[in-house]
1. With region 1-72 as the region, which strands (runs of 3 or more DSSP E) entirely inside it contain at least 1 residues that are under 23 Å from V228 (Cα atoms) and free of Cβ contacts under 8 Å to residues at least 40 places away in the same chain?
2. Is it true that S102 is within 21 Å of the chain's Cα centre (by Cα) and more than 18 Å from H185 (Cβ to Cβ)?
3. Here is a list of conditions, (1) in contact (Cβ under 8 Å) with a residue 24 or more places away in the chain; (2) within 16 Å of L19 (Cβ to Cβ), and L323 meets all of them except one; can you say which number that is?
4. May I ask you to say which residue of H172, H185, H154 is assigned by TED's automatic domain parsing to the domain that holds M8 and in contact (Cβ under 8 Å) with a residue 40 or more places away in the chain?
5. Residues that are buried (at least 16 other Cβ atoms within 10 Å of the Cβ) and modelled with pLDDT under 95: which helices (runs of 4 or more DSSP H) entirely in region 88-185 hold 1 or more of them?
6. Residues of region 205-239 being assigned to a strand (DSSP E or B), in contact (Cβ under 8 Å) with a residue 60 or more places away in the chain and crowded, with 23+ Cβ neighbours inside 10 Å, which ones?
Amino acid sequence: MEIYFAPMEGMTSSLLRNLHNEFFGGCDKYFTPFISTNENYLLNHKEQRDVDPANNEGLKLVPQIITNSAHQSAEYLYMIHEKYGYEEVNINMGCPSGCVVSKDKGSGMLRSPDALEDFMADLEKEIHEVRPEGTFLPDVSIKTRIGYYSEDEHKRLTEIFMAHPVKQIIIHPRFRNQMYKGEVHLDEFGYMYDAFTDAGIGVVYNGDINTKEDYDRIADRFPKLDGVMIGRGLLRDPSLARQIKGGEKAGNEEYLGYMEAVLDGYAKVIPSEKNVLAKVKDLWNFAKPAFSGNDKGYKDMCKADSLESFRVCMRQFVRNSVLD
């Protein structure tokens with residue numbers, strides 16, 4: 001069973017992906033934060049750098065797009081393969097962010113099943129029309145939730161996705177209005193899992209995998225999964241994928257070395273010291289739950305107003321905390 005590093009906007013850039021792979025490994029695929037399609041069919045400079053194979057050497061990377069246009073999606077599939085050589089592109093239908101949903105993108109696409117059905121049918125048609133004779137288009141995978149308003153929508157969504165060519169589906173077993181809170185609906189996930197695997201469509205589980213024990217429970221219950229996708233769990237414990245595959249949990253010094261490398265990397269590519277601090281402090285918001293016993297040290301780190309003072313506080317925090 002494979003391990004995928006989930007895309008997280010503002011977090012999982014090529015810099016972090018490469019450092020994670022260098023320090024810990026264990027992930028079979030990394031996904032880019034979503035690329036929003038547009039009528040010009042162009043990537044901005046940040047997106048170009050992020051998907052450039054030269055910036056992702058040694059990684060199996062999957063670009064992800066977010067869209068509400070079947071035509072734009074087909075054009076992006078063709079462009080991403082032709083320009084960058086990728087053989088799989090993921091369509092994000094799971095992001096619950098309000099600014100995304102308001103544009104009928106991400107999990108906003110799940111709000112109207114009829115519109116989603118039209119999108120999938122149009123995408124299938126557009127893919128055939130945009131493809132020049134004899135050319136290859138990458139496989140399409142989809143990242144989704146089990147519904148928009150409630151978990152009861154999962155059966156209709158299953159019918160829609162099964163009616164169209166999808167190689168793999170990544171399912172977060174919450175509905176959109178839950179955001180990332182509340183219970184995961186494993187019975188409803190199980191229904192979708194059974195239907196898709198029986199149809200030969202690969203299934204990946206995504207949601208609330210923070211420990212090896214969490215992974216083991218999902219893997220035992222759903223043994224035919226292609227893999228699991230982990231986001232916040234890998235920001236909290238970057239050695240989690242390695243542990244799942246039989247390796248060791250990170251120690252304090254290894255964890256610190258990784259975080260210092262991330263800090264140094266950001267400092268090289270972000271010109272403003274203030275923005276570098278904001279970036280690493282955002283990352284530490286996810287990492288903090290991995291540590292206990294030194295709340296004051298963490299507060300000192302959050303208050304640091306220069307890279308030099310932040311680095312000193314970070315070293316003291318990590319070395320004087322318990323890595324749970």
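1. On the way: elements: 2-5, 29-31, 64-66.
Strands (runs of 3 or more DSSP E) meeting the threshold: 29-31, 64-66.
2. Numbers: within 21 Å of the chain's Cα centre (by Cα): yes; more than 18 Å from H185 (Cβ to Cβ): yes.
Taking the combined requirement at face value, the residue satisfies it.
3. Result: L323 passes all but (2).
4. Working: H185 fails: in contact (Cβ under 8 Å) with a residue 40 or more places away in the chain; H154 fails: in contact (Cβ under 8 Å) with a residue 40 or more places away in the chain.
Going through H172, H185, H154 in turn, the sole match is H172.
5. Values: elements: 98-101, 113-130, 154-162.
Qualifying helices (runs of 4 or more DSSP H): 113-130.
6. Going through region 205-239, the residues assigned to a strand (DSSP E or B) turn out to be 205-206, 227-230.
Filter again for in contact (Cβ under 8 Å) with a residue 60 or more places away in the chain, leaving 206, 227-230.
Hits for region 205-239 are N206, V228, M229, I230.
The values are calculated or read from the model by the stated rules, or taken from the named source; none is laboratory data. Owing to the predicted nature of the structure, the values given are computational and were not obtained by experimental measurement. Cβ atoms come from the backbone with ideal geometry, glycine included; neighbour counts cover every protein chain shown.
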